[in-house]
1. Kindly indicate which of 87, 83, 94, 59 is surrounded by 14 or more Cβ atoms within 10 Å (Cβ to Cβ) and either at pLDDT below 95 or more than 13 Å from the chain's Cα centre (by Cα) (or both).
2. Confirm whether residue 86 is hydrophobic (A, V, I, L, M, F, W, C), on the phi < 0 side of the Ramachandran plot and either touching a helix residue (DSSP H, G or I) at 6+ places or on another chain (Cβ under 6 Å) or outside any helix (DSSP H, G or I) (or both).
3. Out of 37, 69, report the one residue that is among the hydroxyl-bearing types (Ser, Thr, Tyr) and within 20 Å of residue 9 (Cβ to Cβ).
4. Name every residue in segment 25-56 that is within 14 Å of the chain's Cα centre (by Cα), among the hydrophobic types (A, V, I, L, M, F, W, C) and surrounded by fewer than 17 Cβ atoms within 10 Å (Cβ to Cβ), in order of residue number.
5. Which condition from (1) at pLDDT 95 or above; (2) in contact with a Leu (Cβ under 8 Å, 6 or more places away or on another chain) is the one that residue 54 breaks?
6. Among the residues of segment 14-38, count how many are of a type in the set (S, T, N, Q), farther than 16 Å from residue 2 by Cα and out of contact with any Asp or Glu (no Cβ under 8 Å at 6 or more places or on another chain).
7. Name the pairs whose Cβ atoms lie under 7 Å apart, with the first residue in segment 34-47 and over 18 Å from residue 86 (Cα atoms) and free of Cβ contacts under 8 Å to residues at least 24 places away in the same chain, the second hydrophobic (A, V, I, L, M, F, W, C) and crowded, with 16+ Cβ neighbours inside 10 Å, and 6 or more positions between them or separate chains?
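The values are calculated or read from the model by the stated rules, or taken from the named source; none is laboratory data. As the structure is a prediction and not an experimental result, all values here were calculated from the model. Here the Cβ positions follow ideal geometry from the backbone for every residue, glycine too, while neighbour counts run over all protein chains shown.
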Amino acid sequence: MYQYLTREKHEFILSKQILRSGTSIGANIAEANCAISRKDFLSKMYIAFKECSETLCWLELLYETDYLSRPMFISMKQDCEELYRLLSSVTKTLNSAN
């Protein structure tokens with residue numbers, strides 16, 4: 001999507017923001033998998049959860065400003081919302097187990 005936005009739409013600010021927040025989700029999940037404690041794991045998963053929320057915000061803004069078509073937006077939003085629900089469930093479950 002970043003390449004599409006920069007090459008096709010010549011959009012450089014929002015595309016960089018969604019690239020950062022979107023890739024941060026996976027990076028924080030990878031870090032959580034190598035956590036040294038339960039608390040560390042939960043902290044990294046919370047960060048991934050917050051980055052996912054931010055990514056949803058950028059997706060909506062890109063759609064509302066006509067940088068993304070409706071089908072493109074819906075597809076990515078659905079994927080992001082599914083990940084959001086997963087991360088929400090993980091963090092709630094781990095937090096309630098403390």
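1. On the way: 87 fails: either at pLDDT below 95 or more than 13 Å from the chain's Cα centre (by Cα) (or both); 83 fails: either at pLDDT below 95 or more than 13 Å from the chain's Cα centre (by Cα) (or both); 59 fails: either at pLDDT below 95 or more than 13 Å from the chain's Cα centre (by Cα) (or both).
Being surrounded by 14 or more Cβ atoms within 10 Å (Cβ to Cβ) and either at pLDDT below 95 or more than 13 Å from the chain's Cα centre (by Cα) (or both) holds for just one of 87, 83, 94, 59, which is 94.
2. On the way: hydrophobic (A, V, I, L, M, F, W, C): yes; on the phi < 0 side of the Ramachandran plot: yes; either touching a helix residue (DSSP H, G or I) at 6+ places or on another chain (Cβ under 6 Å) or outside any helix (DSSP H, G or I) (or both): no.
Judged against the criteria, residue 86 is not a match.
3. On the way: 37 fails: within 20 Å of residue 9 (Cβ to Cβ).
Result of the check over 37, 69: 69.
4. Looking only at segment 25-56, we keep the residues that are within 14 Å of the chain's Cα centre (by Cα), and these are 25-30, 44-56.
From the residues that got through so far, the ones that are among the hydrophobic types (A, V, I, L, M, F, W, C) too are 25, 27, 29-30, 45, 47-49, 52, 56.
Correct list: 27, 30.
5. If we test residue 54 against (1) at pLDDT 95 or above; (2) in contact with a Leu (Cβ under 8 Å, 6 or more places away or on another chain), just (2) comes out false.
6. Initial filter on segment 14-38 (of a type in the set (S, T, N, Q)): 15, 17, 21, 23-24, 28, 33, 37.
Subset that is farther than 16 Å from residue 2 by Cα: 28, 33, 37.
Cutting the leftovers down to out of contact with any Asp or Glu (no Cβ under 8 Å at 6 or more places or on another chain) gives us 33, 37.
Residues flagged as of a type in the set (S, T, N, Q), farther than 16 Å from residue 2 by Cα and out of contact with any Asp or Glu (no Cβ under 8 Å at 6 or more places or on another chain) within segment 14-38 amount to 2.
7. From residues that are over 18 Å from residue 86 (Cα atoms) and free of Cβ contacts under 8 Å to residues at least 24 places away in the same chain, the pairs are 35/41.
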